[in-house]
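The values are calculated or read from the model by the stated rules, or taken from the named source; none is laboratory data. Quantities reported herein were computed from a predicted structural model and do not represent experimental measurements. Cβ placement follows ideal geometry from the backbone for every residue including glycine, while neighbour counts extend to all protein chains displayed. In case anyone asks, the SASA skips ligands and DNA or RNA and just uses the protein heavy atoms, side chains included. Shrake-Rupley method; radii C 1.70, N 1.55, O 1.52, S 1.80 Å.
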Amino acid sequence: MTINVLGYGTHAATETLASYRFERRDLRTNDVEIEILYCGVCHSDLHMARNDWGFSTYPVVPGHEIIGRVSRVGADVKRFKTGDSVGVGCLVDSCQHCEACHHDLEQYCAGQVQTYNGIDSHDQMPTYGGYSERIIVTEKFVLKVPDGMDLAGAAPLLCAGITTWSPLRHWKAGKGSKVAVVGLGGLGHMALKLANALGAEVTLFTRSSGKEADARRLGAHNIVLSSDADQMAAVANQFDLIIDTVPYQHDLKPYLPTLALNGTLVLVGLLGDLEPTVNTIPLIMGRKAIAGSLIGGIAETQEMLNFCGKHGITSDIEMIKMPEINDAYERLLKSDVKYRFVIDMASLKS
Ligand code: NAP
Ligand code: ZN
């Protein structure tokens with residue numbers, strides 16, 4: 001059984017997004033149906049719509065920062081009821097049996113099912129994301145939105161929030177640690193807010209002059225223009241953790257000397273070959289590491305949402321209507337967003 005759903009998607013890398021009807025599975029007994037209210041616009045949506053990574057399967061209906069209200073639940077669903085405010089991030093299922101799943105690291109499960117551009121492991125249907133009127137998700141992958149949280153501002157927490165929270169927690173950022181963030185976009189602005197709320201001393205590396213006041217308001221204590229060699233030299237050997245959110249090729253060489261002894265630069269943006277070549281001397285001489293990190297597990301996502309609820313943290317958003325998505329993608333490429341586009345899904349039908 002399937003249900004027919006209205007969404008917004010693309011049929012090819014070179015096409016713009018447009019209105020598109022498709023089929024989703026109907027409720028299984030452990031499924032939750034969500035009427036989508038808001039969906040954040042992640043740079044990954046753009047990468048996937050345009051096949052930047054080379055593994056897009058069309059049609060693509062992007063969107064993995066989903067906030068909505070439960071509209072139906074399957075017979076075995078225990079934690080949710082009709083009317084609940086809920087979220088869905090980048091994952092809608094995983095194998096539940098492997099080492100990663102046993103450690104609440106579903107994002108590293110080889111059988112993970114992504115919210116879009118994935119294949120459901122039970123019925124082999126393609127998954128389509130949150131640029132749509134409703135979605136059906138296994139209960140285990142549905143998140144509770146803390147009471148009172150602004151729902152539109154909560155949407156970006158489901159990807160930008162958890163993707164920066166997970167490395168902050170894994171590398172134990174907090175009071176007494178120094179954290180730097182490279183790039184002030186969707187992920188970057190959440191990283192500033194979260195690192196600050198965890199008690200770390202926070203620095204922003206940006207290639208854009210003019211973001212200083214915003215960066216300070218968002219939680220940065222220091223701002224460093226990455227193109228300014230003097231400013232870069234002034235922060236040598238400082239950072240315990242650098243979270244690098246830059247989506248495209250960029251030289252890591254200037255950042256490695258700013259790591260402290262035992263420091264780690266964790267890449268969350270760039271997917272693919274790292275160029276130019278990285279010299280290992282600064283790594284070996286200071287037991288420094290370059291690492292990667294992918295979103296976060298479901299339990300960790302709930303932990304982040306609860307932390308944000310407690311600390312009054314949501315994303316700074318620019319609300320857009322669904323037909324404005326193609327312009328929004330162009331603006332994203334120019335880093336012209338403060339600091340996350342969120343689609344008002346009521347505009348899908350207008
Ligand atoms: P975004 O909002 O577009 O922000 C990216 C920021 O990177 C820009 O604001 C800009 O900040 C900086 N930048 C430096 N060089 C750039 C360039 N050549 N083009 C564009 N921006 C450049 O993107 P986002 O949504 O935060 O996503 C960032 C990356 O993370 C994307 O590649 C996305 O696919 C990836 N991602 C990864 C995960 C994961 O699990 N690892 C999850 C979500 C997203 P300044 O102007 O301050 O320099
Ligand atoms: Zn994302």
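What is the one condition in (1) under 28 Å from residue 94 (Cα atoms); (2) assigned to a loop (DSSP other than H, G, I, E, B); (3) modelled with pLDDT of 95 or more that residue 338 does not satisfy?
(1) is the only condition that residue 338 fails.
In this structure, does residue 144 turn out to be surrounded by 19 or more Cβ atoms within 10 Å (Cβ to Cβ) and basic (Lys, Arg)?
Considered against the rule, which asks whether it is surrounded by 19 or more Cβ atoms within 10 Å (Cβ to Cβ) and basic (Lys, Arg), residue 144 comes out as no.
Anything in the stretch 168-183 that is open to solvent by less than 10 Å² (accessible area, probe 1.4 Å) and either in a strand (DSSP E or B) or touching a Phe, Trp or Tyr at 6+ places or on another chain (Cβ under 8 Å) (or both)? List them, or say none.
Those that are open to solvent by less than 10 Å² (accessible area, probe 1.4 Å) and either in a strand (DSSP E or B) or touching a Phe, Trp or Tyr at 6+ places or on another chain (Cβ under 8 Å) (or both): 179, 180, 181, 182.
On the given criteria, is residue 327 closer than 29 Å to residue 225 by Cβ, surrounded by fewer than 17 Cβ atoms within 10 Å (Cβ to Cβ) and not aromatic (Phe, Trp, Tyr)?
yes
Within the stretch 76-84, is there a residue that is open to solvent by 10 Å² or more (accessible area, probe 1.4 Å) and β-branched (Val, Ile, Thr)?
For the stretch 76-84, residues open to solvent by 10 Å² or more (accessible area, probe 1.4 Å) and β-branched (Val, Ile, Thr): present.
Tell me the residue from 254, 247 that is in contact with a His (Cβ under 7 Å, 6 or more places away or on another chain) and within 14 Å of ligand 1 (Cβ to nearest atom), please.
Among 254, 247, only 247 is in contact with a His (Cβ under 7 Å, 6 or more places away or on another chain) and within 14 Å of ligand 1 (Cβ to nearest atom).
Residues of the stretch 71-109 being in contact (Cβ under 8 Å) with a residue 12 or more places away in the chain, more than 20 Å from residue 305 (Cα to Cα) and within 16 Å of ligand 1 (Cβ to nearest atom), which ones?
Hits for the stretch 71-109 are 94, 108, 109.
Take the conditions closer than 15 Å to residue 5 by Cα and either touching a Leu at 6+ places or on another chain (Cβ under 7 Å) or within 16 Å of ligand 1 (Cβ to nearest atom) (or both) and apply them to residue 65. Does it pass?
In short, no.
Can you give me the ranges of the strands (runs of 3 or more DSSP E) entirely in the stretch 206-315 with at least 1 residues that are touching an Asp or Glu at 6+ places or on another chain (Cβ under 6 Å) and over 23 Å from residue 333 (Cα atoms)?
259-267
Filter the stretch 239-265 for residues that are within 16 Å of ligand 2 (Cβ to nearest atom) and touching a helix residue (DSSP H, G or I) at 6+ places or on another chain (Cβ under 7 Å) and give the result.
243, 245, 247
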